[in-house]
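These notes concern the structure reproduced below.
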Amino acid sequence: MRGQPQVFVVGGNGSGIPVYRRLWREGIPFAAGVLHENDVEYPVARALAVEVVTERAFYPVSDEALKRAQALAESCGRVICAVKEFGPMNDRNRELIDRFSSRSSPVPAEA
């Protein structure tokens, strides 16, 4: 997909895949992150998103990745949180959601 991302999706462990597919079907450009390179949804995000913010497998989310994700989320009109739980490796994604809580929403029921 091409264009300026309109939505930033925080996913992981497969939680974002239905959201990515729905946005892609609707022709809505989106970005995703921060995803670990060994995450099950990483290949789907790479195939469908305009941009994906990544982190190396088995490493906590770095300052650099978090800053890139924040910049992308800032430029988007909406942030969707597909993650139900945050663990030690993706806990910084919670910071991202907290920062954009006024523009974030849970996964739509029809995703």
- Which one of the conditions (1) modelled with pLDDT of 95 or more; (2) assigned to a loop (DSSP other than H, G, I, E, B); (3) among the hydrophobic types (A, V, I, L, M, F, W, C) does V53 fail to meet, given that it meets all the rest? (2)
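Residue-wise test of (1) modelled with pLDDT under 95; (2) in a helix (DSSP H, G or I); (3) surrounded by 14 or more Cβ atoms within 10 Å (Cβ to Cβ).
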| site | (1), (2), (3) |
| --- | --- |
| G33 | yes, no, yes |
| N38 | no, no, no |
| A45 | no, yes, yes |
| A69 | no, yes, yes |
- Those residues of region 22-66 that are within 21 Å of G3 (Cα to Cα), in contact (Cβ under 8 Å) with a residue 40 or more places away in the chain and of a type outside the set (G, A, S) come to a total of 6
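The values are calculated or read from the model by the stated rules, or taken from the named source; none is laboratory data. Computed from a prediction, not measured in an experiment: that's the story for all the values here. Here the Cβ is made from the backbone with ideal geometry for all residues, glycine too, and neighbour counts use every protein chain on show.
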